[in-house]
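First comes the structure, then the notes that go with it.
The values are calculated or read from the model by the stated rules, or taken from the named source; none is laboratory data. Predicted model only: the values in this text are computed from it and were never measured. Glycine also receives a Cβ, built like all others from the backbone with ideal geometry; neighbour counts cover every protein chain displayed. Ligands, DNA and RNA are excluded from the accessible area calculation, which covers all protein heavy atoms including side chains. Shrake-Rupley method; radii C 1.70, N 1.55, O 1.52, S 1.80 Å.
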Amino acid sequence: MPTITFLECSKCGEKLSADRPQNVCPKDGGPLYARYDLDAIRKDKHTRDAVASRPATMWRYRSVLPDAEPVTLGEGMTPLLPSRKYPNLLIKDEGLNPTGSFKARGMSMAVTMARHYGLTKLAAPSAGNAGGALAAYAAAAGIEAYIFMPKDVPIANRLEVEAAGAKLTLVDGLISDCGRMVAERKDKEGWFDVSTMKEPFRVEGKKTMGYEVAEQLGWELPSAIIYPTGGGVGLIGMWKAFEEMEQIGWIAPGRRPKMICVQSDGCAPIVKAFDEKKDTAEMWPDAHTLAAGLRVPKAYADFIVLDILRESKGTAIAVSDDEIMEAFKELVAEEGIFAAPEGAAALVAYKKLVESSFLLKEDRVVLFNTGSGYKYIDTIARYWDIEPFAAPKLPASRSMGGIIGPF
């Protein structure tokens with residue numbers, strides 16, 4: 001595993017030491033990237049071949065990850081499944097990760113480095129799945145976790161956070177309100193902030209999705225990648241992976257995919273900024289969608305996402321909740337995948353982009369299902385007015401310390 005050469009600001013290029021924990025650039029607040037000696041990795045001509053013999057987790061790419069003892073629950077190396085209905089469409093099913101979403105990758109890496117640095121208290125806002133992942137990995141590492149979520153998150157997200165022993169605060173608002181509360185309290189409480197793109201290592205975990213897609217396609221890249229985008233870390237991470245792979249000779253240069261951002265029409269700040277040719281997005285008013293992971297009214301690193309969309313000759317597209325739920329049914333019935341609403345949104349986008357000829361049917365396209373639909377059972381039931389089973393009330397001694405109560 002390589003030593004980090006330095007941390008680099010994505011805005012001004014400032015180089016910071018990786019010998020101590022860092023959040024964002026002190027000059028301009030830019031997100032930080034971990035940089036390595038890629039020439040040294042390139043000279044080791046056996047590193048790519050060695051990947052195949054390593055365990056089927058994201059840590060098989062340790063040649064391009066920080067040198068630290070992993071906190072792992074077996075995340076990564078999720079299947080890339082050929083669609084049964086659409087020729088040349090492949091579905092990357094991240095719902096099979098620990099804690100049921102792609103967030104496991106980022107939190108595995110963030111908690112690994114937190115333990116490496118000797119941090120003892122981590123805090124983050126979450127639209128749902130990131131909180132569950134942080135709670136699980138912090139528990140595995142013996143680190144305290146403080147998580148802020150909107151009070152209307154899917155019940156599975158709340159349960160997994162509390163069951164893991166993390167300190168949960170439910171907020172009457174959006175993830176942006178949760179992030180503000182973390183920022184206001186972190187110094188006084190002694191928390192290290194692991195919010196999206198406000199520390200450099202969640203993106204390192206997420207970039208392994210890019211390495212996996214390349215490996216699973218014989219070290220080639222698809223024509224396009226369709227990615228549900230809230231905070232945008234996965235899309236940013238994969239683009240970083242493609243840059244690294246080109247530099248170390250693992251893939252041919254100049255063949256990166258079109259990157260396609262999918263959002264809900266009830267919360268589409270990046271789509272709006274892309275359409276209006278702006279460099280950053282505005283705060284989205286009255287953000288609403290049943291796809292909780294897409295309900296991010298303004299992403300901290302939206303300017304990076306917009307740059308990637310344009311550099312890759314990709315696009316951004318918004319879809320409705322009704323379209324999402326129709327695609328959810330289609331993914332289950334046609335593909336056998338009980339996808340998260342975010343993954344269903346990506347299928348809607350694929351069909352629209354083929355219909356508009358932005359994508360061709362012969363283009364090899366990778367669609368990301370970022371999580372398991374089982375995390376959204378209450379959301380799905382509510383959409384179709386399905387009455388949940390009324391479980392008997394448990395005595396206080398059998399509830400989680402009386403915190404959660406009956407449900």
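Which percent of the accessible heavy-atom area of the stretch 280-334 goes to carbon and sulfur, probe 1.4 angstrom?
Carbon and sulfur: 53 percent of the exposed surface of the stretch 280-334.
Which whole-number value in Å² is the accessible area per residue of the stretch 1-77, probe 1.4 Å?
52 Å²
Roughly speaking, what % of Cα-Cα pairs in the stretch 129-177 are separated by over 14 Å, rounded to a whole number?
For the stretch 129-177, the share of Cα pairs beyond 14 Å comes to 42 percent.
Show me 61-69, 286-294 ranked by packing, highest mean number of other Cβ atoms within 10 Å first.
286-294, 61-69
Could you sort 378, 172, 193 by their accessible area in this structure, using a 1.4 Å probe and putting the largest first?
Ranked list, largest accessible area first: 172, 378, 193.
Testing the spin-label approximation: label points 7 Å from Cα along Cα→Cβ at residue 177 and residue 52. State their distance in nm.
Distance between label points: 5.3 nm.
In Å, what is the Rg of the alpha-carbon atoms in the stretch 199-341, and how long is Dmax?
My reading of the Cα-based Rg and Dmax gives 15.5, 46 Å.
Roughly what would the spin-label model give for residue 378 and residue 355, points 7 Å off Cα along C-beta, in nm?
Rounded to a tenth, the inter-label distance reads 3.3 nm.
Kirkwood Rh, Cα Rg: Rg to Rh for the stretch 166-209?
On the Cα set of the stretch 166-209, Rg over Rh gives 1.03.
Using Cα pairs under 8 angstrom and six or more residues apart, how large is the relative contact order of the chain, in percent?
Here the relative contact order equals 16 percent.
Determine the share of the stretch 146-277's accessible area contributed by carbon and sulfur atoms, expressed in whole percent, with a 1.4 angstrom probe.
Here it works out to 46 percent.
Just how much of residue 246 is accessible, in Å², when a 1.4 Å probe is used and the result is rounded to the nearest 10?
Accessible surface of residue 246 is approximately 40 Å².
What Rg and what Dmax come out for the stretch 91-174 when only alpha-carbon atoms are used, in angstroms?
According to the Cα coordinates of the stretch 91-174, Rg and Dmax are 12.2, 38 Å.
So how many Å³ per residue does the convex hull of the Cα atoms of the stretch 232-275 work out to?
Output value, Cα hull per residue: 79 Å³.
Between 121, 103, 313, which gets the highest mean-square fluctuation from a Gaussian network model of the chain, Cα cutoff 10 Å?
Of 121, 103, 313, the most mobile in the Gaussian network model is 313.
Just to verify a number: what accessible area does residue 186 come out at with the full protein assembly present, 1.4 Å probe, Å² rounded to tens?
50 Å²
Hey, can you find the accessible area per residue of the stretch 89-202 for me, probe 1.4 Å, expressed in square angstrom?
Ligands and nucleic acids excluded, the figure is 32 Å² per residue.
Which residue fluctuates most in the GNM of the chain (Cα springs below 10 Å): 201, 358, 192?
358
From the gyration tensor of the Cα coordinates in the stretch 47-188, what semi-axes in whole Å does the equivalent ellipsoid have, largest first, with each one equal to sqrt(5λ)?
So the equivalent ellipsoid measures 29, 21, 12 Å along its semi-axes.
Report residue 155's accessible area, 1.4 Å probe, all protein chains in place, as a number in Å² to the nearest 10.
70 Å²
Could you report the stretch 317-376's accessible area per residue, 1.4 Å probe, as an integer in Å²?
36 Å²
Beyond a 26 Å Cα-Cα separation, which of these cross-linked pairs lie in this structure: 240/278; 11/375; 85/207; 167/240; 85/298?
In this structure, 11/375; 85/207; 167/240; 85/298 lie more than 26 Å apart at Cα.
When N counts the residues of the stretch 63-120, how does its alpha-carbon radius of gyration compare numerically with 2.2 N^0.38 Å, as a ratio?
The reported ratio for this selection is 1.45.
What share of the DSSP beta bridges in the chain is antiparallel, in percent to the nearest 5?
Beta bridges within the chain, antiparallel portion: roughly 30 percent.
Just to be sure I understand the model, the point goes 7 Å from the Cα along the line to the Cβ. What's the resulting residue 80 to residue 322 distance in nm?
With each label point 7 Å from Cα toward Cβ, the separation is 3.6 nm.
Anyone know which of 217, 81, 96 comes out most mobile in the 10 Å Cα GNM of the chain?
217
Calculate the translational D of the stretch 266-358 in whole µm² s⁻¹ from Stokes-Einstein, where the hydrodynamic radius comes from the Kirkwood formula applied to all Cα pairs, the temperature is 10 °C and the viscosity 1.306 mPa s.
Stokes-Einstein gives a translational diffusion coefficient of 113 µm²/s.
May I ask you to work out the translational diffusion coefficient for the stretch 187-277 at 10 °C, viscosity 1.306 mPa s, via Stokes-Einstein with Rh from the Kirkwood sum over Cα pairs, reported in whole µm²/s?
It comes out at roughly 108 µm²/s.
With Rg and the Kirkwood Rh both taken from Cα atoms, where does Rg over Rh land for the stretch 242-308?
1.10
In whole angstrom, how far apart do the alpha carbon centroids of the stretch 126-157 and the stretch 1-77 sit?
Using only Cα atoms, the two centres lie 24 Å from each other.
Work out, in µm²/s and without decimals, the Stokes-Einstein translational diffusion coefficient of the chain at 10 °C, 1.306 mPa s, Rh from Kirkwood over C-alpha pairs.
74 µm²/s
Send over the Kirkwood Rh of the stretch 1-99, from the inverse of the averaged 1/r over different Cα pairs, rounded to one decimal Å.
16.3 Å
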